[in-house]
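**Q** I'd like to ask some things about the structure below.
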Amino acid sequence: QKQIVQQMRSFGMITVLPGFAGFVPSALVSLFPNATYSQLPDWGHFSKDYCCGYLLQSTDPLFQQIGTAVTRQVIKEFGTDHVYNVDVYNEMNPSSKNPNFLRNVTARVFQAMETVDPQAVWLMQGWLFKDKPLFWRPPEIKAFLSGVPPGRMIVLDLQAELNPVWEKTDSFYGTEFIWCMLHNFGGNIGQYG
């Protein structure tokens, strides 16, 4: 990984490093039983041995403690180009549609990055808005995106060649975005001429 990051930078590429979304193993629940968690759904119909981890709620003080520690360690290992990928609700719904709840989630996730790296930019997949359209309507999307200061988040509008979310959200309500084309779903190559 370090060699890949070094090679990318030698080509002038900006590396995107992982940030902390709140996903934690069940062992953490045993170590910190009084923290606030929600158990993740069985996304792929896997047996209980292979599914259903936990999401540490961003409102819990432990979230900032772990989030800043993760960011600090990632930077220690790889340096930084100040861009961090975090996908909080990919293919799952948040526990509330309340605009303040959604805004506060993104504000706290971003705070864990920015506390360590004042130049942090959050890069996230916009797939959640496309995958769960009954949950993510314009008010919810706008609230979610508004928790991060302007210019500090970039949304990847995945599969924009077929179903562009930017068109339905007034260009993500001013949040910067990248138009993306998906060539591959589950090993099925979609490029052809």
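The values are calculated or read from the model by the stated rules, or taken from the named source; none is laboratory data. Predicted model only: the values in this text are computed from it and were never measured. Heads up, the Cβs are rebuilt from the backbone with ideal geometry, glycines too, and the neighbour counts pull from every protein chain shown. In case anyone asks, the SASA skips ligands and DNA or RNA and just uses the protein heavy atoms, side chains included. Shrake-Rupley method; radii C 1.70, N 1.55, O 1.52, S 1.80 Å.
**Q** Starting from the Kirkwood Rh over alpha-carbon pairs, what translational D in µm² s⁻¹ does the stretch 118-169 have by Stokes-Einstein at 10 °C and 1.306 mPa s?
**A** The calculation lands on 136 µm²/s.
**Q** Mind checking the alpha-carbon convex hull of the stretch 105-145 and giving the volume per residue in Å³?
**A** 66
**Q** Give the span of the chain's Cα atoms along each principal axis, as three whole-Å numbers ordered largest to smallest.
**A** 54, 43, 37 Å, listed from the longest principal axis down.
**Q** Taking C-beta distances below 4.7 angstrom as the pairing criterion, name the unpartnered cysteines of the chain, in sequence order.
**A** Lacking a cysteine Cβ partner under 4.7 Å: C180.
**Q** Please compare each pair in K48/K130; K76/K168; K48/K142 to a cut-off of 31 Å on the Cα-Cα distance and tell me which ones are over it.
**A** Beyond 31 Å between Cα atoms: K76/K168; K48/K142.
**Q** Related question: What is the sum of charges, Lys and Arg at +1 and Asp and Glu at -1, for the other residues whose Cβ falls under 12 Å from the Cβ of A143?
**A** Computed value for this residue: +3.
**Q** May I pose another question? Which whole-number percentage describes the relative contact order of the chain, with Cα contacts under 8 Å and a sequence gap of 6 or more? Could you put the intermediate results ahead of the total?
**A** Numbers: 280 pairs, mean separation 34.4, N = 193.
Reported relative contact order: 18 percent.
**Q** Under a 10 Å cutoff between Cα atoms, tell me which one of S30, S38, S171 has the largest fluctuation in the Gaussian network model of the chain.
**A** Maximum fluctuation in the GNM of the chain, among the listed residues, is at S30.
**Q** Here is a follow-up. Heavy-atom accessible area of E161 with all protein chains present, probe 1.4 Å, nearest 10 Å²?
**A** For E161, the solvent-accessible surface is approximately 60 Å².
**Q** Regarding the stretch 93-180, what whole-number volume in Å³ per residue does the convex hull of its Cα atoms give?
**A** On the way: hull volume 7.2 nm³, N = 88.
Expressed per residue, the convex hull around the Cα atoms of the stretch 93-180 is 82 Å³.
**Q** Is it possible to state the helix-based mean residue ellipticity at 222 nm for the chain, with each DSSP H run of 4+ residues giving -39500 (n - 2.57), the sum divided by total residues, to the nearest 500 deg cm²/dmol? What is it?
**A** So the calculated ellipticity at 222 nm is -10000 deg cm²/dmol.
**Q** May I pose another question? Quick one: Debye curve from the alpha-carbon atoms of the stretch 11-90 only, equal weights, vacuum; give me log10 I(q)/I(0) at q = 0.22, 0.23 Å⁻¹ to two decimals.
**A** The computed values of log10 I(q)/I(0) come out as -1.06, -1.10.
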